[in-house]
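Visitor: Handing you a structure now.
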Amino acid sequence: MNFKHIFEKWKIKMDVHTILGIWNESSRHFHNLNHLNDLIEKINRDAHSMTEKQYEQLILTALFHDIVYDVMSNLNEEKSAEFFLSVCENKDASDVKEIYDAIIATKTHKATSELSEKFNKYDMSIVESSFDDLIKWEEGISAEYLSVYDKNTYKNGRVKFLESLLNDYPLNSGNILSLIELVKTN
């Protein structure tokens, strides 16, 4: 995959190295290059089953979906989508709007289109992972949030979020419940 080619084709007015630098900021412990690389690997693995346009849209959604990430804000998805639009030469193109909408949909992980459904599956695939992978996820998320929130506030919010996942990911509910217990007791 050639990011530069995709950026030229989609008329993205930003250097990919700048974007990767943002993903590599020191305040990011989960929403970082590892998360981005994981998403891109999963998209690449499935590339044979999608059109070139779908593939490129998924790659662009991955690159920009958490480009703005501030644990104190509840507007990260909107700001990330706006950031994406700000670097697009063809802001009004329907294909660009689909990417914008898919980025917004990562706020709730509720599909609003075929693109957002596919991307949300990639983005939330961590929830279906092994308990060891869930622990690594928790370590990254807690490092991000505990840098600005006290432990009890974090625990209460994180447990509430994890409990909200149980109905959507019943096949991994045992691991999620174990993670909930870990968060509660640490």
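Visitor: Kindly check whether there is at least one residue in segment 104-119 that is in a helix (DSSP H, G or I), in contact with a strand residue (DSSP E or B) (Cβ under 7 Å, 6 or more places away or on another chain) and open to solvent by less than 10 Å² (accessible area, probe 1.4 Å).
Guide: No, the conditions are met nowhere in segment 104-119.
Visitor: Would you mind telling me which numbered condition in (1) surrounded by 14 or more Cβ atoms within 10 Å (Cβ to Cβ); (2) out of contact with any Lys or Arg (no Cβ under 9 Å at 6 or more places or on another chain); (3) closer than 15 Å to Asp95 by Cα Ile19 fails?
Guide: Just one mismatch for Ile19, condition (3).
Visitor: So in segment 130-165, with the set limited to residues that are under 19 Å from the mean Cα position of the chain (by Cα), aromatic (Phe, Trp, Tyr) and surrounded by 15 or more Cβ atoms within 10 Å (Cβ to Cβ), which one is nearest to Ile180 (Cα to Cα)?
Guide: By that ranking, first place goes to Trp137.
Visitor: Among His65, His29, which is modelled with pLDDT of 95 or more, under 23 Å from Asp133 (Cα atoms) and touching a Gly at 6+ places or on another chain (Cβ under 6 Å)?
Guide: His29
Visitor: Follow-up. Looking at segment 44-67, which of the residues that are β-branched (Val, Ile, Thr) and surrounded by 15 or more Cβ atoms within 10 Å (Cβ to Cβ) is farthest from Ala93 (Cα to Cα)?
Guide: So, considering only residues that are β-branched (Val, Ile, Thr) and surrounded by 15 or more Cβ atoms within 10 Å (Cβ to Cβ), the one farthest from Ala93 (Cα to Cα) is Ile67.
Visitor: Same structure again: Every residue in segment 134-186 that is touching a residue at least 12 places away in the same chain (Cβ under 8 Å) and hydroxyl-bearing (Ser, Thr, Tyr), please.
Guide: If the condition is that a residue be touching a residue at least 12 places away in the same chain (Cβ under 8 Å) and hydroxyl-bearing (Ser, Thr, Tyr), then Ser142, Tyr145, Ser147, Tyr149, Tyr154, Tyr169, Ser178 are the ones that fit.
Visitor: For residues that are under 21 Å from Asp15 (Cα atoms), among the polar types (S, T, N, Q), in contact with a helix residue (DSSP H, G or I) (Cβ under 8 Å, 6 or more places away or on another chain) and without any contact (Cβ under 8 Å) to a residue 60 or more places away in the chain, tally how many sit in segment 85-106.
Guide: Residues in segment 85-106 being under 21 Å from Asp15 (Cα atoms), among the polar types (S, T, N, Q), in contact with a helix residue (DSSP H, G or I) (Cβ under 8 Å, 6 or more places away or on another chain) and without any contact (Cβ under 8 Å) to a residue 60 or more places away in the chain: 0 in total.
The values are calculated or read from the model by the stated rules, or taken from the named source; none is laboratory data. Treat the numbers as computed from the prediction; the structure is a model and nothing was measured. Glycine also receives a Cβ, built like all others from the backbone with ideal geometry; neighbour counts cover every protein chain displayed. When the accessible area is computed, the model is the full protein with side chains, heavy atoms only, and any ligands, DNA or RNA have been set aside. Shrake-Rupley method; radii C 1.70, N 1.55, O 1.52, S 1.80 Å.
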